[in-house]
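Before any comments, here is the structure.
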């Protein structure tokens, strides 16, 4: 049985200088990111990023942990309680 879950990760970037670091981490976890929307606020330098993710608790935790360790970056996540079961049709 798979422990893959669907969820949401919200990222607030308060320091624009962290954008490159954030994007590098997101790229490294691209296999679990199903959707992404980013809203930059040019006047204040703030940005909000919303991610739809599909992965294990460990994968999502690793992603959010790395993002949350960046100064000027705040991260919140929520995952479904129900595990997803995937079958591959050949």
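The values are calculated or read from the model by the stated rules, or taken from the named source; none is laboratory data. Bear in mind the structure is a predicted one, so any value in this text is a computation, not a measurement. Ideal geometry is used to build each Cβ from the backbone, glycine not excepted, and the neighbour counts take in all protein chains shown.
With respect to the stated conditions, residue 67 is touching a residue at least 40 places away in the same chain (Cβ under 8 Å), within 20 Å of residue 16 (Cβ to Cβ) and either surrounded by 15 or more Cβ atoms within 10 Å (Cβ to Cβ) or in contact with a strand residue (DSSP E or B) (Cβ under 7 Å, 6 or more places away or on another chain) (or both). Here residue 18 does not fit the description of being at pLDDT below 95, touching a strand residue (DSSP E or B) at 6+ places or on another chain (Cβ under 7 Å), assigned to a strand (DSSP E or B) and surrounded by 14 or more Cβ atoms within 10 Å (Cβ to Cβ). For the residues 50, 55, the requirement of being exposed (fewer than 14 other Cβ atoms within 10 Å of the Cβ) and either under 12 Å from the mean Cα position of the chain (by Cα) or at pLDDT 95 or above (or both) singles out 50. Only one entry of 7, 61 meets the criterion of being surrounded by 13 or more Cβ atoms within 10 Å (Cβ to Cβ) and in contact with a helix residue (DSSP H, G or I) (Cβ under 7 Å, 6 or more places away or on another chain), and that entry is 7.
Every residue in the stretch 1-15 that is part of a strand (DSSP E or B) and under 15 Å from residue 48 (Cα atoms), please. Within the stretch 1-15, 8, 9, 10, 11, 12, 13 qualify.
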